[in-house]
Amino acid sequence: MFYLIVAILISSFYFFIAPKSVKNTMNLLFVMVTSALLLLLAVLSIIKFFSLPGEFFVTVGMLVLSYFTLKDFFSMSELKHEKTEQEEK
């Protein structure tokens, strides 16, 4: 609760009283705090991602393999269809 009150006081100082030079400094601090929070969230999400069970990664691997298999399969049938058309002419 104390930190919430301090944050409200700092933000009201920033919006209503602060001179232009202080606002530039506060903008820089805001950008740095935001980027640090985003970096922290990225690290925590990576840790959470790798704590998933192994079956998840096997499933993703199988889906990738099936995509490339179907892609190759359909390209082979197109080649076979083109060869048949050329032989008929």
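At a Förster radius of 25 Å, what calculated FRET efficiency corresponds to the Cβ-Cβ distance of LEU65 and LEU38, to the nearest 0.05?
Numbers: r = 33 Å, r/R0 = 1.33.
The calculated FRET efficiency here is 0.15.
Dipole of the chain, Cα-centred, from +1 at each Lys and Arg C-beta and -1 at each Asp and Glu C-beta, to the nearest 20 debye? Provide the component values of the computation, followed by the final result.
On the way: 7 positive and 7 negative charges, 160 e Å.
Value, rounded to 20: 760 debye.
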> Which value, in nm² and rounded to one decimal, describes the direction-averaged projected area of the C-alpha convex hull of the chain?
Replying inline: 13.3 nm²
> How far apart, in nm, are the 7 Å Cα→Cβ label points at VAL22 and ILE46?
Replying inline: 3.8 nm
> Going out from 0 in 5 Å bins, what whole percent of all Cα-Cα distances in the range 1-51 drops into each bin?
Replying inline: 4, 18, 15, 18, 16, 11, 8, 5, 3, 1
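Taken together, the values in this text are just the output of simple stated rules run on the coordinates, not laboratory data. Note that the structure is predicted; figures quoted are calculated from it, not measured. Virtual Cβ from ideal backbone geometry, glycine too; neighbours counted across all protein chains shown.
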